[in-house]
Amino acid sequence: MCGIVGAVAQRDVAEILVDGLHRLEYRGYDSAGVAVVGHDHEMKIVRRVGKVKALDEAIESHPLIGGTGIAHTRWATHGEPSEANAHPHRSGNIAVVHNGIIENYEELREILQERGYVFQSQTDTEVIAHLVEWELRSANNLLEAVQKTVKQLRGAYGTVVMNQQEPEHLVVARSGSPLVIGLGVGENFIGSDPLALLSVTRRFIYLEEGDVAEITRRTVEIFDRSGAKVEREIHEGNFESDAADKGQYRHYMQKEIFEQPVAIMNTLEGRIANGKVLIDSIAPNAAEILSQVEHVQIVACGTSYNAGMVARYWFESIAGVSCDVEIASEYRYRKFVTRPNSLLITLSQSGETADTLAALRLAKEKGFMAAMTICNVASSSLVRESDFAFMTRAGVEIGVASTKAFTTQLTCLLLLNAAVGRLKGNLTEAQEADIVHALQRLPAQIESALVFDKAIEKLSEDFADKHHTLFLGRGEYYPIAMESALKLKEISYIHAEAYAAGELKHGPLALIDNDMPVVVVAPENDLLEKVKSNIEEVRARGGQLYVFADDEAGFSEADGFKIVVLPKVDQVTAPIFYTVPLQLLSYHIALIKGTDVDQPRNLAKAVTVE
């Protein structure tokens with residue numbers, strides 16, 4: 001995921017800019033660059049493919065002296081990873097860094113070429129640099145030129161513009177891609193994430209949709225979409241500067257559970273706008289490929305397999321495309337028939353899961369239309385070997401039991417379904433907008449689920465002496481029950497199994513007694529009455545029930561029947577939402593059991609052997 005850092009200061013800023021890029025490395029990227037303007041109005045740009053370390057070494061050889069600068073880490077969308085495609089991009093006196101997707105860049109590129117501009121890259125970002133340079137010819141200053149430019153852009157962007165003729169000014173614009181201003185003393189900064197600026201400030205202003213701001217050493221002026229000058233609240237940040245620091249949390253897993261609202265916001269950044277999924281944000285050629293898909297084959301392991309199982313329901317109900325999901329270690333060792341126009345999707349947090357990687361390599365020999373990966377590590381083998389990658393942007397996940405990687409995988413899969421549904425003509429504009437708006441509400445809804453932490457901690461005491469647990473769900477909540485059982489097994493060592501609730505009478509009812517906790521996922525939906533019947537089957541046999549439901553499901557507590565009543569949320573994103581309180585349940589049970597939550601016995605974060 002692209003990262004932005006900018007600075008206006010009396011001191012030299014190159015070291016600050018590169019330090020900010022290092023802090024954003026967890027996001028994933030393939031190239032990096034820095035541009036600095038000195039007091040002599042001379043601008044120098046250094047760009048490198050690969051890690052920020054390569055940029056460090058280049059700057060050591062060619063020092064950048066100056067108090068105004070911008071820097072960027074790029075994840076390739078338009079154009080391959082190369083120095084020519086790396087940011088910053090330049091047009092005359094103008095330099096630009098940009099996160100997001102400019103949807104109308106081809107149209108703008110043609111107009112700019114007719115005006116005589118020669119493009120040096122394959123990126124959509126370069127059109128911004130040329131547009132600003134063009135508008136500056138008739139504008140009074142850089143701010144006015146940027147304001148004129150953004151009115152011509154469609155899509156999502158967070159951009160910072162620098163003019164070597166105005167060396168103590170930066171102009172920034174935000175639409176669909178977050179930017180934050182960091183306030184210093186006699187110096188000010190800009191970043192795509194506060195984390196990038198923690199070495200220089202803890203005071204931040206978050207730009208809102210449509211904002212354009214001019215930043216100097218001593219002033220910050222912000223203008224809204226209409227051009228009116230506005231004031232934005234200053235926030236005093238208390239952020240953890242190091243992803244490997246647990247901070248206030250007892251365990252990394254706990255920290256990562258609570259990071260999920262921000263992680264999902266990062267997943268959505270630059271990928272939705274105006275009630276639509278920006279299909280180019282999936283991959284430059286995604287529309288061409290996805291419009292031809294007639295079947296989806298998902299291959300994954302563990303938690304990622306459970307995410308794929310949820311997605312199967314979505315592909316067939318939302319996208320209108322058939323879908324199969326298979327465990328990678330099984331898929332790679334059986335004979336299979338590749339359906340026409342079939343898309344292979346591999347899911348992995350690390351991108352190095354041996355069975356999944358082997359399945360990808362096998363499938364590429366079997367006539368799949370394309371191979372796509374949904375992954376959290378940009379430099380991984382799955383990303384490099386797939387035709388295209390959709391990055392989850394979960395950030396560093398240290399706990400072995402995956403949490404935020406799972407919910408961000410689901411977020412990516414739902415975005416993908418909306419895109420395929422639209423391209424296949426199976427999803428109306430209104431239906432797509434409903435999905436997008438539900439996703440936009442999701443981070444705040446998960447925040448509301450985290451409020452139940454103490455209540456769930458109390459509930460977990462009932463499991464202190466238990467050795468077995470059943471999880472039940474129906475429809476897309478069956479794989480959520482599977483994931484919840486997996487979490488409990490991984491970190492508490494309690495034997496846990498998940499069943500589709502309708503399967504109870506076909507065998508599992510024999511396990512039910514007053515020593516068997518049964519956890520049920522039961523939001524109000526079309527299957528609720530069926531789930532209630534399954535719950536009664538358990539109650540009649542003395543099972544101890546723990547039901548996670550919303551306030552419209554109509555449950556009331558009784559002996560042997562405890563309820564966690566959660567807020568009503570959008571049905572399409574509810575499977576992601578219900579995952580979070582169930583993660584908390586497993587976490588607190590593991591604390592009671594006294595296990596090693598972050599590093600459970602016998603398990604590794606990335607399974608790189610068969």
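The values are calculated or read from the model by the stated rules, or taken from the named source; none is laboratory data. What you see is a predicted model, and the numbers here were worked out from it, not measured in a lab. Cβ placement follows ideal geometry from the backbone for every residue including glycine, while neighbour counts extend to all protein chains displayed.
Here are the numbers for the structure shown:
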read-out: Filtered residues of the stretch 395-434 (kept if of a type in the set (A, V, I, L, M, F, W, C), over 25 Å from S586 (Cα atoms) and either in contact with a Lys or Arg (Cβ under 7 Å, 6 or more places away or on another chain) or not assigned by the TED database to the domain that holds I480 (or both)); value: L415
read-out: Residue that is farthest from the chain's Cα centre (by Cα) [pool: residues in the stretch 339-375 that are of a type in the set (S, T, N, Q) and buried (at least 19 other Cβ atoms within 10 Å of the Cβ)]; value: S342
read-out: Helices (runs of 4 or more DSSP H) enclosed by the stretch 347-428 - at least 2 residues per element that are modelled with pLDDT of 95 or more and either over 24 Å from Y313 (Cβ atoms) or touching a strand residue (DSSP E or B) at 6+ places or on another chain (Cβ under 7 Å) (or both); value: 404-423
read-out: Every residue from the stretch 520-534 that is without any contact (Cβ under 8 Å) to a residue 60 or more places away in the chain and aliphatic (A, V, I, L, M); value: V520, A522, L527, L528, V531
read-out: Matching residues in the stretch 103-120 - criterion: being in contact with a Lys or Arg (Cβ under 7 Å, 6 or more places away or on another chain) and within 28 Å of T68 (Cα to Cα); value: F119
read-out: Enumeration of residues in the stretch 264-283 that are under 15 Å from E432 (Cα atoms) and either surrounded by 21 or more Cβ atoms within 10 Å (Cβ to Cβ) or free of Cβ contacts under 8 Å to residues at least 24 places away in the same chain (or both); value: L268, R271, I272, A273, N274, V277, L278, I279
read-out: Check on H437, more than 22 Å from T408 (Cα to Cα), assigned by the TED database to the domain that holds H588, surrounded by fewer than 24 Cβ atoms within 10 Å (Cβ to Cβ) and not polar (S, T, N, Q); value: no
read-out: Tally, over the stretch 93-136, of residues that are of a type in the set (G, A, S), closer than 25 Å to L21 by Cα and surrounded by fewer than 24 Cβ atoms within 10 Å (Cβ to Cβ); value: 1
read-out: Filter pass, I289 being touching a residue at least 40 places away in the same chain (Cβ under 8 Å), hydrophobic (A, V, I, L, M, F, W, C) and crowded, with 22+ Cβ neighbours inside 10 Å; value: no
read-out: In the stretch 369-394, the residues that are farther than 14 Å from A354 by Cα and either in the same structural domain as S177 (by the TED database) or among the small types (G, A, S) (or both); value: A370, A371, A378, S379, S386, A389, A394
read-out: Some residue of the stretch 541-551 being of a type in the set (F, W, Y) and within 30 Å of L439 (Cα to Cα); value: yes
read-out: Among the residues listed as K276, K246, the single one being over 12 Å from the mean Cα position of the chain (by Cα), basic (K, R) and at pLDDT 90 or above; value: K276
read-out: Residues that are closer than 22 Å to M265 by Cα, assigned to a helix (DSSP H, G or I) and either touching a Gly at 6+ places or on another chain (Cβ under 6 Å) or of a type in the set (A, V, I, L, M, F, W, C) (or both), drawn from the stretch 431-467; value: A433, I435, V436, A438, L439, L442, A444, I446, A449, L450
read-out: Subset of the stretch 544-562 (residues that are of a type outside the set (G, A, S), crowded, with 19+ Cβ neighbours inside 10 Å and without any contact (Cβ under 8 Å) to a residue 60 or more places away in the chain); value: L545, V547, F548, D550, F555
read-out: Residue in the stretch 175-197 that is of a type in the set (F, W, Y), in contact with a Leu (Cβ under 6 Å, 6 or more places away or on another chain) and surrounded by 15 or more Cβ atoms within 10 Å (Cβ to Cβ) present; value: yes
